[in-house]
Every structure is written in C-alpha cells, then in structure tokens.
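Worksheet for the structure shown next.
Laboratory data are not the source of any read-out in this text; all were calculated from the coordinates shown. This is a predicted model, so every value here is computed, not measured. Positions of Cβ are backbone-derived with ideal geometry, glycine not excepted, and every protein chain shown enters the neighbour counts.
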Amino acid sequence: DPKIIQKPKYLVAVTGSEKILICEQYLGHNAMYWYRQSAKKPLEFMFSYSYQKLMDNQTASSRFQPQSSKKNHLDLQITALKPDDSATYFCASSQEGGDTEVFFGKGTRLTVV
Amino acid sequence: GDSVTQTKGPVTLSEGTSLTVNCSYETKQYPTLFWYVQYPGEGPQLLFKVPKANEKGSNRGFEATYDKGTTSFHLQKASVQESDSAVYYCVLGGNTGANTGKLTFGHGTILRVHP
C-alpha cells in the first residue's frame, strides 16, 4: 500500500489556469515537502513544512502556494500556469530532526498546454 | 550554493560486470550524503546514506565511501543484475543533526543492465 498518496497521477492544464496537486501521507511523519522534476533540471526542492508551518521555501515564484489543512496533508496550488511549469511534482515526508530518510510519493505529472 | 555532479549516463552494462558511478559535491556545510534510486513510475527511494566523513554505506551490494578530502561519494557494485536497471541519484543532505528535508540531487545516472 502506498504510504504517500498523490492525486492526480496525470494532469493536463491550459496556460493561465489554476490547479491543485493533492498529497497525503500515512507514515506518521511531521515534516512534508514538495520537489519538482523536469526534463531539463534535476529533482529540485521547492518547500518544506514541519507541523504545518513553512520551514523553507526555495521557489522563486509566488504562483506556487503550499496548503496544509491537516498534519498529514500538504497540497500544492499553482496559479497562472505556464508551459514551463510542466514537470513531475513529488510530495515527500520524513520525521524531522537528524538525518532521517525522506520518503517520496509516486508523483503527479503536470503538462501545461 | 550546494551542488552535485555525477556520471552522465546512460551507463549500459552486461549482467555480472562491475559498476562505478562517480559523484562529486560542493558545499560549505557538513552534509549527510545519500544515494537514491528511482524506478519507472516511482518516486526516488533511499538506497543508503552516510552521515559522516570517512565512513562507508552499503545496501544490496552497492557501496560508497564519504570522502571529504576529495569531496566525492562514488557508487560501486561488483556485479550488477538486470534488476538494478534504474536511475541513480547522488544526493546532498543538510547538516548532520539538522535535517530540513532539503536534499540537493545530482542529475541522475541511468543504468541499463542487459542479460
């Protein structure tokens, strides 16, 4: 059973529209993250949350907004979508503190046309 | 900022041959180093980690030594199998004891092993 659930698996969006990527984790972790993987760049860290509070933001654009309604949820809202936003977005989680393993979901592949 | 450079793939090997994937890193911190592996349709998963310099990590026959002197963390396996075909990432973590979850990934090395 997948312990980090990402929905949807595939998403096609029109330029200028807004989408929300869903992530839930059932590992009991208190820290959650978003990473992005595109064809041109390696996996890139975007955000980290701990106990539903933003810890680190490496995303330059305010069009990307994480939303945490529950401790084990961290959704990603993307507004004013651009073709360059096309990528696979991975949600991840870990126990905070120490050098604990970061677990990744299977990703949401977003294509902006 | 932090960066990781690794062997540019794809690397194609026959079963039973040895593997080396080179990895070098740049950082001003005292990081934990990781190797992650990614199979098609999956997210990356931890292969192993090494939190301290001069120590070796290993798992499933893969191993790497954290060499702070040369800032390298090369992945090796003596005898690869077809099931090892995947993408391998050398990854830089945060300071020891302060895991922020921010991992810096290399570009990844595609490994293809044929029977």
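What the table below lists for this structure:
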| quantity | calculated |
| --- | --- |
| Which of B:W35, A:W34 has the fewest Cβ neighbours within 10 Å, and the rest in rising order | A:W34, B:W35 |
| Length-normalised contact order for segment A:1-40 - Cα pairs under 8 Å, 6+ apart - percent | 45 percent |
| Set of segment B:60-88 residues, backbone N closer than 18 Å to the point 7 Å along the Cα-Cβ line of B:Y39 | B:60-62, B:80-88 |
| Ranking of B:K102, B:K68 by count of other Cβ atoms within 10 Å, fewest first | B:K68, B:K102 |
| Under 18 Å between alpha carbons - lysine pairs in segment B:1-80 that sit 8 or more apart or on different chains | 8 |
| A:K82 long-range amide H proximity, modeled H, under 5 Å | A:G16 |
| Long-range tail of P(r) for segment A:11-113 (Cα pairs > 17 Å, %) | 49 percent |
| Mean separation of Cα contacts under 8 Å, 6 or more apart, over the residue count of chain A: relative contact order % | 36 percent |
| For chain B, diffusion coefficient by Stokes-Einstein and Kirkwood Rh (Cα), 20 °C, 1.002 mPa s, µm²/s | 152 µm²/s |
| Neighbouring partner chain Cβ atoms per residue of B:47-54, average, 10 Å criterion | 1 |
| Lysine pair number, Cα distance threshold 15 Å (strictly under), chain A, separation 8 or more or different chains | 9 |
